[in-house]
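The values are calculated or read from the model by the stated rules, or taken from the named source; none is laboratory data. The structure displayed is predicted, hence computed values, not measured ones. In this analysis, Cβ positions are derived from the backbone assuming ideal geometry, glycine residues included, and neighbour counts consider all displayed protein chains. Side chains are part of the model used for accessible areas, which takes the heavy atoms of the whole protein and leaves out ligands, DNA and RNA. Shrake-Rupley method; radii C 1.70, N 1.55, O 1.52, S 1.80 Å.
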Amino acid sequence: MRKLLARCAVISFVLTSALAAEPVKLKLAFFSSDRSTSYLAAVKPFVDAVNAEARGQIEIDTYFSGALGKDPAEQPQLVLDGRADIAYVVTGLTRNRFADNAILEMPGLFASMRESVAVLTRLMAANALQGYDDYIVIGAYVSEPETIHSNIPITSLNDLKDKRIRVNNPGEAAALEKLGARPVLLPVNKISEAIGNGSIDGALVNPASVVDYGVKRVATYHYLLGISGAPLMVLMNRTTFNRLPKSAQSIILKYSGAWSAGRFIDTYEAVESSIMGELKSDPNRHVIMPSPSDLDAANAVFATIADDWASKSQRNAELLKTVRAELTKMRSTR
């Protein structure tokens, strides 16, 4: 009997140890494919790094193509509802939830993705933006300023008059409206179909999205007037994070913030440099840089929009002042 009891105790210990060794599974929602630049830049580096170091503690499984929720605007709520533990989020699609992110969409404010990501990383580290109390911010990014891609000739500001152009956010919409176009707010995954069926004439997108979302197939004119980038986030449910062992939390934080932003920038810059090279070398395409007079006219419009936004509240004015101060410091050290 003693031997039987001892054997049972050993079996129970082994089974308990095996169960204890099972990692906590975390679900990450991603509404596009595993071939998209967004995944390769914003999601994959983080997931691979955490899974490699946290082996036996946590394991992140990525669910592609909207398997946990297809609507890009639904992603933040997926995390709060517990349908996903982590999600890739385009914050411009849920502006009421992340209202402060409007500063990152301000037309003409940032000269490049590298500038905007650096400023956003500093803002997040200082808890300067509202809307994130229920989340752990794993990654905070901004795309390259979006430019105009169309299937009809758009080679100057004059050509924008009455054209229906897809926009990503109200800042872009205000800019295009003042420049004479008719802005249409549309998710990025609907652009190629809309251009193809003639419901829009063109779209504001970054270079990577020209390829990732099929815009390249339906647009042959590329007017490189940079307007604004799209703020992007990888967000985790804060309650879920707090329930994890401290060692697992430390690993997640290790590969968040500045670490994640650096991988995003490096990946996107390499991909977009290659894409722009292909577009410029294709004889069937028209890649147009705005003239100096067009740039002056556009920048005057952009400044008006920023001043108007700042005038709406003291908080807006303070955010704009803070960002401009950060940009001045960054640019002075180059």
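Go through Ala258, Ala87, Ala49 and say which Cα lies farthest out towards the positive end of the charge dipole of the chain; charges sit on Cβ, +1 for Lys and Arg, -1 for Asp and Glu.
The residue sitting farthest along the positive end of the dipole is Ala49.
With point charges of +1 on the Cβ of Lys and Arg and -1 on the Cβ of Asp and Glu, referenced to the Cα centre of region 99-170, which listed residue (Ile136, Asn169, Thr121) lies farthest in the positive direction of the dipole?
Going by the charge dipole, the pick is Asn169.
Nearest 20 debye, what's the magnitude of the dipole of the chain about its Cα centre given +1 on Lys and Arg Cβ and -1 on Asp and Glu Cβ?
Computed about the Cα centre, the dipole is about 1080 debye.
Running a GNM on the chain with Cα contacts under 10 Å, which residue among Ser274, Ser256, Ser150 ends up with the highest mean-square fluctuation?
Ser274
For the chain, give the percent of accessible area contributed by carbon and sulfur heavy atoms, probe 1.4 Å, rounded to a whole number.
Summing carbon and sulfur atoms, their accessible area is 53 percent of the total for the chain.
For region 199-334, what is the number of Lys pairs with C-alpha distance below 20 angstrom, counting only pairs 8 or more positions apart or on separate chains?
Lysine pairs satisfying the spacing and distance rule in region 199-334 number 4.
Just to verify a number: FRET efficiency for Ser250 and Gln77, C-beta to C-beta distance, R0 = 30 Å, to 0.05?
Taking R0 as 30 Å, the efficiency between Ser250 and Gln77 is 0.60.
Rolling a 1.4 angstrom probe over the protein heavy atoms, how many square angstrom per residue are accessible across the chain?
So the chain comes to 46 Å² accessible per residue, rounded to a whole number.
Around Tyr135, which amide H atoms from residues at least 5 apart in sequence, or from another chain, sit under 5 Å from its own amide H, with H modelled in the peptide plane?
Under 5 Å from the amide H of Tyr135 lie the amide H atoms of Arg238, each far enough along the sequence or on another chain.
Checking the a/c ratio against 1.5 first, then a/b against b/c, what shape does the Cα gyration tensor give for region 53-192?
Note, shape of region 53-192 comes out prolate.
What angle, in degrees between 0 and 90 and rounded to the nearest 10, separates the Cα long axis of helix 113-125 from the longest principal axis of the Cα atoms of the chain?
50
When only C-alpha pairs under 8 Å and at least 6 residues apart count, what is the relative contact order of the chain, in percent?
Once divided by the residue count of the chain, the mean separation gives 22 percent.
Check which residues have an amide H placed less than 5 Å from Ile288's amide H, if you skip close sequence neighbours.
For Ile288, the qualifying residues are His222, Tyr223, Leu224.
Taking the mean number of other Cβ atoms within 10 Å as a proxy for protection, how do you rank 58-68, 244-254, 88-98 from highest to lowest?
In descending order of packing, they fall as 88-98, 58-68, 244-254.
In debye to the nearest 20, how big a dipole does region 41-137 give about its Cα centre with +1 on each Lys and Arg Cβ and -1 on each Asp and Glu Cβ?
Taking the Cα centre of region 41-137 as origin, the dipole is about 240 debye.
Percent relative contact order of region 200-292, based on C-alpha pairs within less than 8 angstrom and at least six residues apart?
Rounded, it is 55 percent for region 200-292.
Using amide H atoms built 1.01 Å from N in the peptide plane, name the residues 5+ places from Val24, or on other chains, whose amide H lies under 5 Å from its own.
So Val24 has HN proximity to Ile58, Glu59.
When a/c reaches 1.5 or more, the comparison of a/b and b/c decides; with that in mind, is region 245-301 rounded, prolate or oblate per its Cα gyration tensor?
oblate
Among the lysines in region 12-169, how many pairs, 8 or more places apart or on different chains, have alpha carbons under 20 Å apart?
Value for region 12-169: 4.
Mind ordering 189-196, 207-214 by average Cβ neighbours within 10 Å, highest first?
Ranking, from highest mean packing down: 207-214, 189-196.
Show that you can apply the helix-only estimate: for the chain, add -39,500 (n - 2.57) for every DSSP H stretch of four or more residues, divide by all residues, and state [θ] at 222 nm to the nearest 500.
Rounded to the nearest 500, it is -14000 deg cm²/dmol.
For a quick protection proxy, order the peptides 200-206, 236-242 by their average other-Cβ count within 10 Å, most packed first.
Top to bottom by mean Cβ count within 10 Å: 200-206, 236-242.
Contact order normalised by length for region 96-208, with contacts defined as Cα pairs under 8 Å and 6 or more residues apart; what percent is it?
29
Gain in length, Ser311 to Ala52, computed as 0.36 nm per residue apart minus the alpha-carbon separation, to one decimal in nm?
The span from Ser311 to Ala52 would gain 88.4 nm if fully extended.
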